[in-house]
Amino acid sequence: MSYDLSIQDEGDRRHIWIRGEIDEDFDAQQLRKAFTPNVVMHLEDVRSISSCGIREWISFISELPAGTHLEFEKCSIPITRQFGMLSNFRGPGLIRSFYAPYYCDECDEETERLLRVKADHSVEHDPNVPDCKCADCGSKLEFDGVERVYFSFLREMMSKE
Ligand SMILES: [Zn+2]
């Protein structure tokens, strides 16, 4: 198995962590069994998702029972890219926080920042992570990608909520 699931309940809310790679081994049935009507999925340790994994994920998400309350926390960059590119990747889920790729020109280093989605669907930096300045040299970091595409799920969440 290229990934593992772990579960922790907090009142009537269930937290599910997926760690590893979502690929042809991804078993939607296993995840379906772990689901309850109120779930927070933690996706910071999803390292990659293959085309098989995407198909399986979308079929899982599209079959969630109506009324499922689902939130995604700390979505890794590979997962966030799918939210931006595939409008049915999120299903009824709301993205609460996600990582974004940045780049320091001075240091020639790539880095990631955790961003939080605010109630108005703008984003703010996680207060525990320094803002968009390089931790080594203090230069302003450049977004490493096409912001309009990467953040497109924000507009889409806003239009459907
Ligand atoms: Zn730097």
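Observations
- Exposed loop sites, defined as trypsin sites (Lys or Arg not before Pro) outside DSSP H, G, I, E and B with at most 16 other Cβ atoms within 10 Å, are absent from the longest region of the chain, namely 1-95.
- Estimated translational D of region 50-124 in µm²/s (Stokes, Kirkwood radius over Cα pairs; 4 °C; 1.567 mPa s): 94 µm²/s
- Here Ser2 and Thr68 are evaluated by their C-beta separation; at R0 = 25 Å the FRET efficiency comes out at 0.45.
- Ligands, DNA and RNA left out, the accessible area of region 3-160 computed with a 1.4 Å probe is 46% carbon and sulfur.
- Nonlocal amide H pairs with His69, under 5 Å, H built at 1.01 Å: Asn38, Val39
- Applying a DSSP loop filter and a limit of 14 other Cβ atoms within 10 Å to the GluC sites (Glu not before Pro) in region 1-61 leaves Glu24.
- Mean Kyte hydropathy of -1.0 or more with a Cα span along the axis of at least 15 Å, helices from DSSP in the chain: 51-62
- Charge dipole magnitude, Cβ of K and R +1, D and E -1 - the chain, Cα centre, debye nearest 20: 720 debye
- In summary, the convex hull built on the alpha carbon positions of the chain has an orientation-averaged projected area of 10.0 nm².
- The simple Förster model, with R0 at 30 Å and r as the Cβ-Cβ distance, assigns Asp120 and Ser87 a FRET efficiency of 0.90.
- By the helix-only formula, in which each DSSP H run with n ≥ 4 contributes -39500 (n - 2.57) and the sum is divided by residues, the chain has a 222 nm mean residue ellipticity of -7000 deg cm²/dmol.
- Taking a sphere under 10 Å around the Cβ of Ser50 and counting the other residues whose Cβ falls inside, with K and R at +1 and D and E at -1, yields a net charge of -4.
- Residues of region 70-85 falling in the label zone of Ala135, defined by backbone nitrogen less than 17 Å from a point 7 Å along Cα to beta-carbon, are 76-77.
- Those residues of region 72-99 whose amide nitrogen sits under 16 Å from the label point placed on Arg47, 7 Å along Cα→Cβ: 76-79
The values are calculated or read from the model by the stated rules, or taken from the named source; none is laboratory data. Because the structure is predicted, anything quoted here is derived from the model rather than measured. Cβ sites come from the backbone with ideal geometry, for glycine too, and all protein chains shown count toward neighbours. Calculation scope for accessible area: heavy atoms of the full protein, side chains included, ligands and nucleic acids excluded. Shrake-Rupley method; radii C 1.70, N 1.55, O 1.52, S 1.80 Å.
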